[in-house]
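Working notes, structure below.
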Amino acid sequence: MIDINEFIMSNEAVIRLSFFLGVFAVMAIWEFITPRRALTVSKVMRWTNNLGLVFLNTFILRLLFPAAAVGVAVFSSEQGWGLFNYYDVTPVMAIIASVVIMDFVIYLQHVMVHAVPVLWRLHRVHHADLDYDVTTGARFHPIEIILSMLIKFATIMLLGPPVVAVVVFEVMLNATAMFNHANVRLNLVVDRWLRLFLVTPDMHRVHHSVEDDETNSNFGFSLPWWDRLFGTYRDQPRDGHENMTIGIRTFREPKMASWISGLLVMPFVGKTSGYVINRRQWHQEKGGLEDER
Ligand SMILES: [Zn+2]
Ligand SMILES: [Zn+2]
């Protein structure tokens with residue numbers, strides 16, 4: 001196992017970058033051949049700004065955490081920290097259980113960033129995208145990316161997953177995020193079967209609706225079971241996939257919702273809203289329209 005760990009440690013960045021580029025290319029071509037919706041903002045503008053943010057985030061992460069998540073996994077195993085370093089479990093069991101548990105933590109984290117108003121301000125950057133395509137999947141504010149990384153480190157220390165499991169999980173999360181944010185048309189029967197064990201683009205698109213009740217559903221990124229198990233699953237958007245409005249009501253101008261400068265300042269714009277997860281009805285309160293998002 002030592003050799004495998006050393007290989008992963010020294011090639012972690014290359015492994016992840018290769019999968020990222022490979023899956024990105026496949027999804028980009030698929031979007032070009034059979035798009036699900038027409039884009040409202042030009043693809044050049046979307047890709048330049050969204051991918052610009054991705055490069056910035058990658059740079060910041062490498063600078064702050066050069067050893068990355070695999071480094072924390074190696075360190076935990078050396079220290080004997082975490083569930084799977086403490087109990088003797090077969091490697092295959094430990095890998096499968098670790099990947100599933102880490103995905104569950106991501107689900108809980110996603111629910112949390114919607115529920116806590118200050119964290120929602122960070123997560124708005126992901127939701128304010130006026131369209132929905134492969135680049136949306138990686139579009140997050142740098143502070144949210146750092147927060148995710150710290151939550152991931154804490155999870156790894158408590159769980160003590162095999163180093164292989166951490167790489168498998170990160171590659172899987174990255175690949176599924178690009179897949180389920182892609183603007184691709186998938187056969188409806190295939191979609192129905194696929195979403196029994198994987199979050200599909202039609203399933204996650206519901207989560208990007210401007211309507212609160214739709215946004216507060218389908219939090220899963222890879223495995224769709226958490227939403228069904230915890231009551232946040234929603235099958236389809238009310239207005240259909242082609243007619244639904246994507247984004248956030250208060251950020252409709254490309255200068256704010258699309259330009260990288262707008263994305264970086266977005267968490268600091270406007271008053272701290274009363275937006276919380278339990279507001280699942282849409283705009284009926286006190287007889288008037290209320291827009292706090
Ligand atoms: Zn979200
Ligand atoms: Zn999303």
*Relative contact order computed over the chain (Cα-Cα under 8 Å; 6+ residues apart), in percent*: 26 percent
*For region 196-242 and region 1-73, what is the separation of their Cα centres, given in Å?*
23 Å
*asked:* Taking only complete DSSP H runs, can you tell me which helices of the chain stretch 30 Å or more along their own long axis by Cα positions and average at least 0.5 on the Kyte-Doolittle scale?
replied: 2-33, 43-64, 91-115
*Listed residues Lys43, Lys271 arranged by accessible area, highest first, probe 1.4 Å*: Lys271, Lys43
*Taking 0.36 nm per residue of separation and subtracting the Cα-Cα distance, what length does fully extending Val269 through Trp193 add?*
23.2 nm
*Classify region 154-263 as rounded, prolate or oblate from the Cα gyration tensor: take a ≥ b ≥ c as the square roots of its eigenvalues, call it rounded if a/c is under 1.5, otherwise prolate when a/b beats b/c and oblate if not.*
oblate
*Solvent-accessible ranking of Val184, Val190, largest area first, probe 1.4 Å*: Val190, Val184
*Inter-centroid distance (Cα atoms) of region 164-183 relative to region 120-135, Å*: 18 Å
*Length added when fully stretched, Glu253-Gln79, from 0.36 nm per residue minus Cα-Cα*: 57.6 nm
*Give the accessible area for Met157 in Å² (nearest 10); use a 1.4 Å probe, count only protein heavy atoms, and leave out ligands, DNA and RNA.*
80 Å²
*asked:* Rounded to the nearest 10 Å², what accessible area does Ser261 have for a 1.4 Å probe in the complete protein model?
replied: 70 Å²
*By per-residue mean of other Cβ atoms within 10 Å, what is the highest-first order of 104-110, 23-29, 127-133?*
127-133, 104-110, 23-29
*Using just the alpha carbons, could you tell me how many Å³ per residue the convex hull of the chain encloses?*
135 Å³
*Check cross-link reach from Lys255 to the aspartates and glutamates: straight Cα distance under 16 Å, and skip same-chain residues fewer than eight apart.*
Asp129, Asp131
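The values are calculated or read from the model by the stated rules, or taken from the named source; none is laboratory data. This structure is a prediction, so every number in the text was calculated from the model and none was measured. Glycine gets a Cβ as well: all are built from the backbone with ideal geometry, and neighbour counts include every protein chain shown. Only protein heavy atoms, including side chains, enter the accessible area calculation; ligands, DNA and RNA are left aside. Shrake-Rupley method; radii C 1.70, N 1.55, O 1.52, S 1.80 Å.
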